[in-house]
Amino acid sequence: MKRFLTGIITGILTCVFVLLITAAQPAQDDSIKYHVDRLENILKSEIEKNRENGRFQLQSLTIDRTHWHYLLDSATGDLYRLELSQTPGNSKWVLVSESNFSNSPTAIRSVSQ
């Protein structure tokens, strides 16, 4: 009977010990803040890899069976128009308007002062 009780107590203690080890995880891994911060870091690294995303904006217009396609380079402010050709491979983007601002930091400072 003594060996039986010792075996049961040892089994219970072993189960409790195993459950405590497997259940003990860092609290930060379960928090929403941890997962949101991790997702934010992943998105920042993806954006850093692809800085060109969202740079060009395309606008197509159709008026009286005439088609115009315009492309705005939001990084430089230049506006391009697509000149169509008889063969689609020969169509080309032509600069319509240059930007009305300068990308240099000194020009930005002089305007803001």
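The values are calculated or read from the model by the stated rules, or taken from the named source; none is laboratory data. The structure displayed is predicted, hence computed values, not measured ones. Cβ atoms come from the backbone with ideal geometry, glycine included; neighbour counts cover every protein chain shown.
For region 39-73, a residue qualifies if it is surrounded by 11 or more Cβ atoms within 10 Å (Cβ to Cβ) and under 18 Å from the mean Cα position of the chain (by Cα), and the qualifying residues are ILE47, ARG55, PHE56, GLN57.
So which residues in region 88-113 are modelled with pLDDT under 80, β-branched (Val, Ile, Thr) and surrounded by fewer than 12 Cβ atoms within 10 Å (Cβ to Cβ), if there are any at all? Selection gives THR106, VAL111. Keeping to region 36-87, report how many residues are under 18 Å from SER99 (Cα atoms), at pLDDT 80 or above, among the charged types (D, E, K, R) and not in a strand (DSSP E or B). Going through region 36-87 one residue at a time, the tally reaches 0.
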